[in-house]
Amino acid sequence: MNSNFISQRFKSNSGKNKWKLAWKALAILFGAGIVTVIGIFLYFAKDLPSANSVDAKLVVQSTKIYDRTGEHLLYDVHGEEKRTVIPFDQIPDNVKYATIALEDQTFYTHHGVDPKSILRSALKDVIKGGAAQGGSTITQQFIKQTLLSNEKTITRKIKEVILAIELEQKYTKDEILNMYLNQIPYGSSAYGVEAAAQTFFGKAARDLTLAEAALLASLPNAPTYYSPFGSHTDALVGRKSSALQKMADQGYITQEQADEAKKVDILAEINPKLDNISAPHFVMYVKDYLEQKYGEQSVEQGGLKVYTTLDWDKQQAAEKAVSEGAEKNVANKASNAALVASDPRTGQILAMVGSKNYFDKSIDGQVNVAIRDRQPGSSFKPYAYLTAFTKGYTPETLIYDVPTNFSTDGEKDYTPQNYDGKFHGPLQMKNTLPMSLNIPAVKTLYLAGLNDATALAKGLGITGLNDPSRYGLSLVLGGGEVKLIDHVNAYGALAAGGVHRDIAIIMKIEDKDGAVIEKYKDNPGNRVVEEKYVAMLDYIMSTNEFRAPVFGENSPFKFVDRPVAAKTGTTNEFRDGWAMGYTPSIAVGVWAGNNDNTSMKVGADGIVVAAPIWRSFMNFALGNSAIEQFPKYEKEDAGKDVLNGKSDSQKNLKVCKIEVKKYKDKIGKYCLANDSCPSGSDDKKDFATAHTILYYVNKDDPRGEAPANPEKDPQFKNWESGVQEWFKGENKDDNGAAPTEECKEEYFPKPKEKDSSEEKQAAPTCSDGSQNGDETGVDCGGSCSACLII
């Protein structure tokens, strides 16, 4: 036989054998995989509850939320459970369709689980490093709610899958959907769609509109987070719109129907009543925290006892101050207000009022303004000044409040104005901050550094502001957005001498068996800035005479018996009014305005609409408490006149004018008056050397050498121009810089010489009426014609 043929045949058989071996290996691996999966299922299945028990009533234990003493029950998360089971044919199709569209689009085709969704969810969890979660079908969600816990583990997920498959074998799809819609929690003690319809809309499920059905279908995914009574109503409305669009995309409704339902102001139709709830905005804030940390099921069914940081008496005072103050503000076209108070020594929230009336739909009362982003106006300025102090500037630093264009790119001008429409010339920083002058504040932010000031504000407790360049120098005038609760937390860090502590709302949490699962621990905090710099700010913001030129001697910020630091804020077009302040033991902030961001009445600034509310609460909070002092501000020599507050102008300086012509470079100028001046020649004059601060300091090293070329600073030209123009207008007889040289006798004409006899004799009178002696004192020699005629 041909050897080549044999060789080729051998190679052919060898290749076929390799493929056979590969297939055998794959078959073995597949079989092993099947056996492994079956083994896992059998291992977990032996300890699982029966799927037959899913239609039994779900037993839950109520979670209770208390104040810090445990004596006042703020809210019973469930109280009396509301549940009404209705037949499947009485559940509106729109509720069924919206639920399927949002939660499980392949519900009627899968067998209890959706492998693709599970794999997709698992991949996300691997990437994020979390436990298995998401990717659940309606069947799986129902199993989780009725038979399993809400823990996010792979073990629970496996059990969930096994039971879902088993459930699908025992019940039809309609039966499973019926059980789901009759037992799933919708929040606010409502179990099942009928109870939810009654709770949120005051009607039977069969009467729900398309928009209402879509909103209810949006709730079971996260009942606390999406609660119509909570703080995420924007997210709820967005999810409702998503449900409607998915219903249209899947052919359950037309696009026109979806668009019409999206336009419905669904929140206006919500029944606002919540039974037996106190401090509702705070309670919902706590519920959000609990849900994020312990899960929806634990909050809704876990029987937790939650002891919060809320001070009951201060909360009552806060609600009273906000309610009464907001009512008075109606005349200022401000419909709402919010207040937050915290303990700077612990970070604990003592009082929170998110609106003047939680149940008032007309003002979106359920929206918690305390945790919403709003522009802070001038109440943001202290962060910029504090940053400047850390760089070497002082409360006495001289800065010019004059018209200034801060634009350096030649494009749109940026020329901020002051609230009073005036310019005040050279002032010290300790005056410009309390008087809330805008031009000096913008200059201070530039000197401090935009990024550094933002970083300090964030370190103290402000969240957001992740891109300072979006706002530029306008940030110091409140161009960014902050949350009232964060703003108070940051002012609390100031009250604590520069030590920041995270916001705390929980004192203790017990589970249903009484075991403590969370407890507040003393927090030493994180020092953000040295106390001596904060002492500068305390001194400035607690001295009434510094703010009096703008706000008057008797503003709501004046305290005669104790030091209290305070600052107002007002945004453009009077959209927001703020009052912020603190003592060493309490920090309080008040916002006033309209939730829809419409303008208040012209003139309705922070001192008018927010400060009275703030003062009303502070009067109660401070009450009979001990008087506390801030760390003392110790003034020091900064090494430069401009940093020490010494003006570059001098008034009523005693001088003499140089008159001798041989001193050409000095004639007409002044020297400092002394005995060398001719009798009666001295005078008092005003002098000024008008320069911006950038002429004297390098902004990043103010105590270092003066800049050799100050014009290299991009802001120097505009700042210097503003100062020069202002002085020209203010000083019509500008004498320039004050003299530094002492006067000398040689700067003035010599006095007339006298004759040898000291006292000249009177010249005889001639017959022609002349006098023997001319005006030069030379004798005429008896020649009358040569003498002076008198």
**Message:** List the pairs from LYS96/LYS361; LYS240/LYS263; LYS430/LYS483 whose alpha-carbon separation is above 19 Å, in the order I gave them.
**Reply:** LYS96/LYS361; LYS430/LYS483
**Complete:** Descending accessible area (1.4 Å probe), largest on the left, turns PHE620, PHE142 into PHE620, PHE142
**Request:** On the protein heavy atoms, probe 1.4 angstrom, tell me the percent of accessible surface of segment 376-428 carried by carbon and sulfur.
**Result:** 49
**Message:** Taking the Cα centre as origin and putting +1 on Lys and Arg beta-carbons and -1 on Asp and Glu beta-carbons, what dipole magnitude results for segment 591-683, to the nearest 20 debye?
**Reply:** 520
**Message:** Please compute the modelled spin-label separation between SER599 and ALA548, points set 7 Å along Cα→Cβ, answer in nm with one decimal.
**Reply:** 3.4
**Asked** So what's the Cα pair-distance distribution over segment 516-591, bin width 10 Å, in %?
**Response** 15, 38, 28, 14, 5, 1
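Exceeding 28 Å between C-alpha atoms, which entries from my cross-link table qualify? They are LYS116/LYS512; LYS635/LYS657; LYS508/LYS558; LYS314/LYS508; LYS567/LYS632.
LYS116/LYS512; LYS635/LYS657; LYS508/LYS558
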**Burial order of peptide ranges 583-595, 259-271 (average beta-carbon count within 10 Å, highest first)** = 583-595, 259-271
**Complete:** Taking a straight Cα-to-Cα line shorter than 16 Å from LYS640, and setting aside same-chain aspartates and glutamates fewer than 8 residues away, one finds GLU396, ASP648, ASP700, ASP701, GLU705
**Fill in**
Long-range amide H partners of ALA565, meaning residues 5 or more apart or on another chain whose placed amide H is closer than 5 Å, are TYR582
**Request:** With a Förster radius of 51 Å, plug the Cβ-Cβ distance of ASP373 and ASP174 into 1/(1 + (r/R0)^6) and report the FRET value to the nearest 0.05.
**Result:** 0.65
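Name the trypsin sites (Lys or Arg not before Pro) in segment 359-390 that are in a loop by DSSP and that have at most 15 other C-beta atoms within 10 Å, would you?
Values: sites: LYS361, ARG372, ARG374; in loops: ARG372.
Filter output for segment 359-390: empty list.
Hand me the trypsin sites (Lys or Arg not before Pro) from segment 408-446 located in a DSSP loop with no more than 11 other Cβ atoms within 10 Å, in residue order please.
When the trypsin sites (Lys or Arg not before Pro) of segment 408-446 are filtered for loop state and at most 11 Cβ neighbours within 10 Å, LYS412, LYS422 remain.
Report the full-extension gain for the segment ASN451 to ASP675: residue separation times 0.36 nm, less the Cα-Cα distance, to one decimal in nm.
Result for the pair: 75.0 nm of gain on full extension.
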**Request:** Would you work out the relative contact order for segment 396-461, in percent, from Cα pairs under 8 angstrom that are 6 or more residues apart?
**Result:** 34
**Additional length obtainable on full extension of the chain from LYS203 to LYS333, 0.36 nm per residue less Cα span** = 43.3 nm
**Asked** If r is the Cβ-Cβ distance from LYS685 to LYS422 and R0 is 25 Å, what FRET efficiency results, to the nearest 0.05?
**Response** 0.40
**Item:** HIS424 accessible area, 1.4 Å probe, all protein chains in place, Å² to nearest 10
**Value:** 60
**Asked** For LYS684, which aspartates and glutamates qualify as cross-link partners when the Cα separation must be under 14 Å and same-chain residues fewer than eight apart are set aside?
**Response** ASP733, ASP734
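At a 1.4 Å probe radius, which order do ASP648, ASP700 fall into by accessible area, largest first?
The ordering from most to least exposed comes out as ASP700, ASP648.
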**Prompt:** For segment 578-735, with every protein chain kept in place, what is the accessible area per residue (1.4 Å probe, Å²)?
**Reply:** 54
**Message:** Keeping all protein chains in place and using 1.4 angstrom, which order do THR63, THR463 fall into by accessible surface area, from largest down?
**Reply:** THR463, THR63
**Asked** Roughly how many Å² is the accessible area per residue of segment 142-259, as a whole number, for a 1.4 Å probe?
**Response** 33
**Message:** Over segment 137-218, how many pairs of lysines fall under 18 Å by alpha carbon, counting only those 8 or more apart in sequence or from different chains?
**Reply:** 6
**Asked** Hey, if you put +1 on the Cβ of every Lys and Arg and -1 on every Asp and Glu Cβ in segment 561-625, which of MET600, GLY577, ALA565 ends up farthest toward the positive end of that dipole?
**Response** ALA565
**Asked** To the nearest 0.05, what FRET efficiency results for LYS519 and ALA235 with a Förster distance of 30 Å applied to their C-beta separation?
**Response** 0.45
**Prompt:** Which trypsin sites (Lys or Arg not before Pro) in segment 479-532 pass both tests, a DSSP loop state and at most 13 other beta-carbon atoms within 10 Å?
**Reply:** LYS521
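The values are calculated or read from the model by the stated rules, or taken from the named source; none is laboratory data. Nothing here was measured: the structure is a model prediction, and the numbers come from that model. We place every Cβ from the backbone using ideal geometry, glycine too, and count neighbours over all the protein chains shown. The protein model used for the area step is the full one, side chains on, heavy atoms only, and it has no ligands, DNA or RNA in it. Shrake-Rupley method; radii C 1.70, N 1.55, O 1.52, S 1.80 Å.
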